[in-house]
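Read-outs: derived from the displayed coordinates by stated rules, not from any lab. Remember, it's a predicted structure, so these values are computed and weren't measured experimentally. Here Cβ is always computed from backbone atoms with ideal geometry, including for glycine, and neighbour counts include all displayed protein chains.
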Amino acid sequence: MTTLLITLGEPAGIGPDCVLRAWKHAPELFEHAVVVAPISWLRERAEQIGILPPLYEISDLTSLDRHEAAGLRCWNPLSSSLAIGPVQPGVPSAATAAAVIACIESASRACIAGQASALVTGPIEKAVLKSSGFNFPGHTEFLAWLARDGESASATHMDHVMMLASDVLRVALLTTHIAISEVPASLSTEATIDCLRIVDHDLRHRFSINQPRIALCALNPHGGEQGHFGREEIDILAPAVAAASQHGVHITGPLPADTLFSAAMRARFDAIVCCYHDQALIPLKALSFGDAVNVTLGLPFVRTSVDHGTALDRVGREDVLYSSMMAAIRMAEMMVSKAG
């Protein structure tokens, strides 16, 4: 039976709103779910927005009571010495940063240990977390570090991939949260091969696509125009495509970005691998904002997340979009079932 863990992310943001509104709309999604957070973070927001599900606090993940499925279970993994601090809606605070990090880490370690089947994460406020020693660009890199048991990532290879997926498009990233100016130097043939193989593997084993069709997006305009607009396609990307093909990956590219996301082109592929963050996320969000899911490939457990940020200015409002939270839960359950 799937045990799904959900972290709220920044408690002053819309993470709690999304969980509460998703529960109100589709309580069955939470039948086997546990929110990893102090129960007060949910209770205070529930009272603010007028959605009052039964809330149950469990002491650990072995004490789940399926008779309490009508409400929301909360597991607080924080030590008594860690102050959780007050939460002011819409105003992130360094006082809760350590608690946010600890909840994500505890949930991840529970998944790694096999105590839970999947992790769904709410959006974090990265600037505030850095004040408490969070030295990662985002969730994706932190979870990969935990999966490596604290070992540093290779400078030339990849062991995880950030992918965003919707009903109409899947995009995966060669580089994630770095400056545009750093992207060309961050690309390598070795890492590109790793990325293509991870995407191929997880599409097969977690999405049940027997022979994934993958496209690799070029970095430069018009695919580099045979080196006139840059040599990354010739020196890095094309050799990676050739090598991945030898490993059985059904890969096409590098293809120019300005035509690859057209309806006719994207329909030919199960996923498009992109060179940098906005090259992937602009078309994905233009087509599917609110319905897309962030997925980390290459981890030893299933992890999905919402496709949006903390939206501090929208906390408590009736028009908070919670569709991505619902989609993230459904996709996590689907991926676990396919993997099983």
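A simple spin-label model places the labels of Glu57 and Arg213 5.4 nm from each other, with each point 7 Å out along Cα-to-Cβ. Full extension of the chain segment joining Ala263 with His250 gains 2.7 nm, where the gain is 0.36 nm per residue of separation less the Cα-Cα distance. With a Förster radius of 25 Å applied to the beta-carbon distance between His205 and His177, the computed FRET efficiency rounds to 0.40. When the Cα positions of Ile180, Phe207, Gln88 are compared along the charge dipole of the chain, Phe207 comes out farthest toward the positive end, with charges on each C-beta of Lys, Arg, Asp and Glu. Stretching the chain fully between Ser40 and Arg330 yields a gain of 101.8 nm (0.36 nm per residue, less the alpha carbon separation). Peptides 307-316, 205-214 ordered by packing proxy, namely the average of other Cβ atoms within 10 Å per residue, highest first: 307-316, 205-214. Taking 7 Å steps out from each Cα toward its Cβ at Gln115 and Glu151 produces label points 2.4 nm apart. Which shape class applies to segment 11-139: rounded if a/c is under 1.5, otherwise prolate when a/b exceeds b/c and oblate if not, where a ≥ b ≥ c are the square roots of the Cα gyration tensor eigenvalues? Oblate shape, in that a/c is at least 1.5 and b/c is the bigger or equal ratio.
Using alpha carbon centroids, what distance separates segment 6-27 and segment 179-254, in Å? The distance from the Cα centre of segment 6-27 to that of segment 179-254 comes to 36 Å. Going from the fewest other Cβ atoms within 10 Å to the most, the residues Asp202, Asp149, Asp194, Asp159 appear in the order Asp149, Asp159, Asp194, Asp202.
Pick from His139, His177, His247: which is most flexible by mean-square fluctuation in a GNM of the chain where alpha carbon atoms under 10 Å apart are linked? Fluctuation is largest for His247. Extension gain, Ala286-Asp235: 0.36 nm per intervening residue step, less the Cα-Cα distance, totals 15.2 nm. Shown for Val91, Val128, Val19, Val336: other C-beta atoms within 10 Å of each C-beta, ranked fewest to most, produce the order Val91, Val336, Val128, Val19.
Can you match volume of the Cα convex hull per residue in Å³ to one of these, [x] 151; [y] 141; [z] 130, based on a calculation from the structure here? Answer by label: [z]. The magnitude of the dipole of segment 1-151, with charges of +1 and -1 set on the Cβ of Lys/Arg and Asp/Glu and taken from the Cα centre, is near 180 debye. Within a straight-line Cα-Cα reach of under 16 Å, Lys126 cannot be paired with any lysines, leaving aside sequence neighbours fewer than 8 residues apart in one chain.
Placing R0 at 51 angstrom, the Cβ-Cβ distance between Glu190 and Lys24 gives a FRET efficiency of 0.60 after rounding to 0.05.
Only Lys, Arg, Asp and Glu carry charge here, each on its Cβ (+1 for the first two, -1 for the last two); on that basis segment 161-282 has a dipole of about 420 debye about its Cα centre.
Its Cα centre serving as origin, the chain has a Cβ charge dipole (Lys and Arg +1, Asp and Glu -1) of approximately 420 debye. Under 16 Å from a label point set 7 Å out along the Cα-to-Cβ vector of Arg314, the amide N atoms of segment 243-285 belong to 285. Positive contributions from Lys and Arg (+1) and negative ones from Asp and Glu (-1), summed over other residues with Cβ under 14 Å from the Cβ of Gly248, come out at +2.
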